[in-house]
Amino acid sequence: MGWLSAGEGYEVALVDGRVAARATSGRAAGRQLKSLPRALRDHPEVDRLRRFVEWLDRHATACVAQVDSWMVSSLPVPTGLLARVWPDEAWQSALRDLVVVGDDPDEVGFLRGATEDGELRVVNLDGETVRLSPRTVTLPHPVLLPDLDDIREFAAELGIVQRVEQIHRATWQCPDDLDPKATEIREFSGGSFRSRFALAARASSLGYRVSGGYSTARVRDGDHTVEAGVWIGEPYWQDTVETGGLTWHDHNGRALPLREVGPVAWSEGMRMAAALYAGRTIEEGKNA
C-alpha cells in the first residue's frame, strides 16, 4: 500500500503493521516521522487505516483458526483451494511449513509453496524439494504421524517454525490397559481455582467452549465427531472450584467407553484437561 495524502503537509501509510506518517514539505519532506503528529490522530485517512489494520488482524486470526481446524480434523483439503489462498499473506503464514500428506502415504513433507495450477512445493523428509499434484492433501494431526520424533528433529535442523501448532503440539497416546467399562479420566482432576469464573475464563482464553458446567472441545476423529468435556463447576458458583473428570461423548450425547475413543479425540481431550489443570492455584510450600 502506498502513501496517502492526509491533509496539508502530510502523507500516511501502513508500515510494519502500524500507521506511519511522513512530511511532504519543509526540511523533513519525504522522511518518515518517528511518531504520528497530533494533527493527524483524528484524520479520516488515519482512522481508515487503523480500521484496516484491525480487519487484517481479524483475518489473520481467522486463517489460523481455519487451518488449525483442518489439521485437528485431518480432513482432506482440495489442493486447488490451497493454491487459490496461497497468494494471501495471512493464509500463507498459517499454511507455510505444515506437514502435508498427498495421495501416497509416503508423500510427506513440509509445505513451502503452491502454484496457480494446483501444484504444491514440498520439502520431503529426505530434505529434497519436490512438487506434488494430488487432488487433495491432508494436514495430519501429529498423533497420526509415524516417526513424529524424527520429524521434529528434522524440522529443528531446517529451522522450521509453524504458525499453526502441529508437529510440536502436545500429544497423548491412549494406553492399552484401560478398564473396558471406564468412561472417565481423572488424571487432571482436582486442580483448584479461586472461582468458577477464573476457571471458565482460562478455558475460553485457551479457545475452548464453555457450556453449562463443562469446558468442551469438539473433535472430528475419523468418520465421527466426538466432544471431550472437563467438569469446571456450576455456572453461577462463586466459591473455589476444582477441575473434574474428563469424558467423551458421541453426537447423540452417549458417554463413550474409553476404549472407543479414537486417537485424535483422546489426544485433544487430554490436551484440554492438561491445559486447564496447568492454571491451577498452587499453595506455597506444596509441590506443583
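The values are calculated or read from the model by the stated rules, or taken from the named source; none is laboratory data. Since the model is a prediction, treat every value here as computed from it, not as a measurement. Note that we place each Cβ from the backbone using ideal geometry, even for glycine, and neighbour counts take in every protein chain shown. Heavy atoms of the whole protein, side chains included, go into the accessibility calculation; ligands, DNA and RNA do not. Shrake-Rupley method; radii C 1.70, N 1.55, O 1.52, S 1.80 Å.
Summary of computed values
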{"item": "Some residue of region 158-165 being modelled with pLDDT of 95 or more, touching a strand residue (DSSP E or B) at 6+ places or on another chain (Cβ under 6 Å) and buried (at least 18 other Cβ atoms within 10 Å of the Cβ)", "result": "no"}
{"item": "All positions within region 203-255 that are at positive phi and touching an Asp or Glu at 6+ places or on another chain (Cβ under 9 Å)", "result": "GLY207, GLY212, GLY233, GLY253"}
{"item": "Where a residue in region 134-162 is closer than 19 Å to ASP104 by Cβ and in contact (Cβ under 8 Å) with a residue 40 or more places away in the chain and its partner, wherever it lies, is assigned to a helix (DSSP H, G or I) and open to solvent by 60 Å² or more (accessible area, probe 1.4 Å), with Cβ under 7 Å and at least six apart", "result": "LEU144/PRO263"}
{"item": "Scan of region 260-270 for residues that are surrounded by fewer than 20 Cβ atoms within 10 Å (Cβ to Cβ) and either touching a Cys at 6+ places or on another chain (Cβ under 8 Å) or at pLDDT 95 or above (or both), ordered by number", "result": "PRO263"}
{"item": "Matching residues, region 1-13, being open to solvent by 40 Å² or more (accessible area, probe 1.4 Å), among the aliphatic types (A, V, I, L, M) and outside any loop (DSSP other than H, G, I, E, B)", "result": "LEU4"}
{"item": "Test: residue in region 60-83 that is surrounded by fewer than 15 Cβ atoms within 10 Å (Cβ to Cβ) and under 30 Å from ALA6 (Cβ atoms)", "result": "yes"}
{"item": "Region 173-226, subset acidic (Asp, Glu) and touching a residue at least 40 places away in the same chain (Cβ under 8 Å), residue least open to solvent (accessible area, probe 1.4 Å)", "result": "ASP221"}
